[in-house]
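Peer 1: Right, I'll just put the structure down here and ask away after.
Each value in this text was obtained by applying a stated rule to the coordinates, not by laboratory testing. Keep in mind it's a predicted model, so treat the numbers as computed, not measured. Counting neighbours? That spans all protein chains shown, and the Cβs are built from the backbone with ideal geometry, glycine included.
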């Protein structure tokens, strides 16, 4: 190859050298971080209400209210525990999701191919989550990671929908549930269960998109079951 | 003021350039992503200091410093060489073995990429900024924090090395 002058070399480099475009996951992660930073930034904290003067109790009144307090605690404790256990898992999923976006490390295993993601979970979980690349449905698989949810290790599969991150949390369950949408802090969630696993999709994409993803997922599961 | 607006107007339009620079300097997709992530957050934090200036050299400067800090920490032996001919020969040998006519275009690209990769980070930086990102000499000087004379001499050194390396490449007839 003759490269007599800088001009020739320049055009060769310009035309032939690889230019690496920023991956969509990076773009989406940064945008999400900026959005979170904005949401967290308004420094105008609501000013505390002016301190109210406490009504004066005598000692007798004070001890009476103390006794009442103990009584309430005794009665309420089991109820409170039940309420906490029943508290929607959606809030935890959304904070898990936003924490992951904030950290920027959405995937511990990076992939565009389920054959590298599925084996990665071996030894990291006591169950084998199904893994599908839903690129054909418009949800390319980016990778996965393991997350702790209420003391249990769950699989998290990370997908992209256009420029948005969609996370799918998977854990074993014998329940059956049709896809049920929920909204939490502006994020859309979709929960379903198929008798073997239960799933939550979490994202800022529209609910319809999550439904489409769930349908794609279920179709893949059926075709695997039917083909096997 | 508004992080999302700063991101949309100052970082996002130059994200490809930022990633390309990091990818070439660090020669690893994962490390490049980390570097751009770190740089963008730093950029957003200091977006207020950017008054009416062009955001591209400003952002690329932050990226470049992050990358060189990472390289410094790793202190790879091969990075000390002005041109790593062993690495270049290895990459070249791999493509020369490919026989068919159809791969020739790809082979050219691979060899050019290999030649750029073989340059030392200091020389690779000026080549990527000038030839791939099309920055003016003054902009490169700003990004790299170098006198313009140093930019010019590094560029001419890098070009000479690339010309030598690529002169033996078969363009394929």
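Peer 1: Show me A:151-161, B:17-27, B:118-128 ranked by packing, highest mean number of other Cβ atoms within 10 Å first.
Peer 2: Taking the mean over residues of other Cβ atoms within 10 Å, the ranking is B:17-27, B:118-128, A:151-161.
Peer 1: Then there's this: So which residue, out of B:38, B:139, B:131, gets the largest mean-square fluctuation from a GNM of chain B using Cα contacts under 10 Å as springs?
Peer 2: B:131
Peer 1: How far, in degrees from 0 to 90, does helix B:15-26 lean away from the longest principal axis of the Cα atoms of chain B, to the nearest 10?
Peer 2: Once rounded, the angle reads 50 degrees.
Peer 1: Let me ask something additional. Before anything else, pin down the relative contact order of region B:3-75: Cα pairs under 8 Å, at least 6 apart, normalised by residue count, whole percent.
Peer 2: Here the relative contact order equals 41 percent.
Peer 1: Compute the acute angle (0 to 90°) between the alpha-carbon long axis of helix B:55-74 and the principal axis of greatest extent of the alpha-carbon atoms of chain B; round to the nearest 10°.
Peer 2: 60
Peer 1: If I fit a long axis through the Cα atoms of helix B:85-96 and take the longest principal axis of the Cα atoms of chain B, what angle between them do I get, 0 to 90°, rounded to 10?
Peer 2: Approximately 60 degrees, to the nearest ten.
Peer 1: Return the whole-Å distance between the Cα centroid of region B:109-137 and the Cα centroid of region A:115-178.
Peer 2: 39
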